[in-house]
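Laboratory data are not the source of any read-out in this text; all were calculated from the coordinates shown. Keep in mind the model is a prediction, meaning the values are calculated, not measured. Here the Cβ positions follow ideal geometry from the backbone for every residue, glycine too, while neighbour counts run over all protein chains shown.
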Amino acid sequence: MPCFFKNNRDMIYVFMGVCGCGKTTIGMEFARRMGIQFFDADDFYPNENIVKMSKGYPLTDEDRVGWLKTLGESIGKWSLDGSVVLACSALKRSHRETLELKGRNKVVYVFLDGATELLKQRISNRVDHFMKEEMLSGQLDELERPENALRVEIDRPVADVVSFIVKELYR
């Protein structure tokens, strides 16, 4: 497990993982508890990416280039203003490297990890989300597990998961 510092002020917390892991739900609760701003990377997708995923087609790295660059630029701006939380899949090392370009040394990854059956169940319970259950296996295949991240099991209630994250980041 990576070493976290007692004072993680002015950090960009990237809550990452595959679809259904709770990036938005857990990230929002962490941000609320810490009194910092929350952003969802889904809100930064160009419309053509959302349309593609809504039709059940996975994004390619080529599809993600502009989106990741925009997120990286945003991280650079946010890192000047204090701490924020970003919910973002950040599936590959190359994706994370793009995100860090402008905010290097200020990005902390929280990798939300869980059993495939739990992820499928969560996705099937969603209403009006463009990511479909059939896209999960592709994301799991594409996932390059981060080496320098706080890995968190998601099989507990949200409040317990967030308490664990706070305890681990600020111990």
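The alpha carbon centroids of the range 16-63 and the range 67-91 are separated by 12 Å.
What net charge is computed for the residues neighbouring residue 91, neighbours being all others with C-beta under 11 Å from the C-beta of residue 91, Lys and Arg scored +1, Asp and Glu -1? Local charge sum for residue 91: +1. Candidates 90, 116, 170 compared by Cα position along the dipole of the chain: farthest toward the positive end lies 170, with charges placed on Cβ. About its Cα centre, the range 17-169 has a charge dipole of approximately 360 debye under the convention of +1 per Lys or Arg Cβ and -1 per Asp or Glu Cβ, with nothing else charged. Dipole of the range 17-169 computed with +1 at Lys/Arg Cβ and -1 at Asp/Glu Cβ about the Cα centre; of 71, 139, 46, farthest Cα towards the positive end is 71. For a modelled paramagnetic label at residue 118, 7 Å from Cα along Cα-to-Cβ, the residues of the range 89-112 in reach, with backbone nitrogen under 14 Å, are 111-112.
Only helical runs count toward this figure. For the chain, summing -39,500 (n - 2.57) over DSSP H runs of n ≥ 4 and dividing by all residues gives -13000 deg cm²/dmol at 222 nm. In vacuum, with every alpha carbon of the range 1-93 counted as one equal point scatterer, what does the Debye formula give for log10 I(q)/I(0) at q = 0.16, 0.17, 0.23 Å⁻¹? Two decimals, please. Taken in order of the listed q values, log10 I(q)/I(0) reads -0.71, -0.80, -1.30. Only lysines eight or more places from residue 120 in sequence, or on another chain, were considered; those with a Cα closer than 22 Å are 23, 52, 55, 92, 132.
Within the chain, all pairs of alpha-carbon atoms sorted by distance into 10 Å bins from zero give the percentages 10, 41, 37, 11, 0.
With both labels modelled 7 Å from their Cα along Cα-to-Cβ, the residue 69 to residue 168 distance reads 3.4 nm.
Taking every alpha-carbon pair under 8 Å whose residues sit at least 6 apart, the chain reaches a relative contact order of 40 percent.
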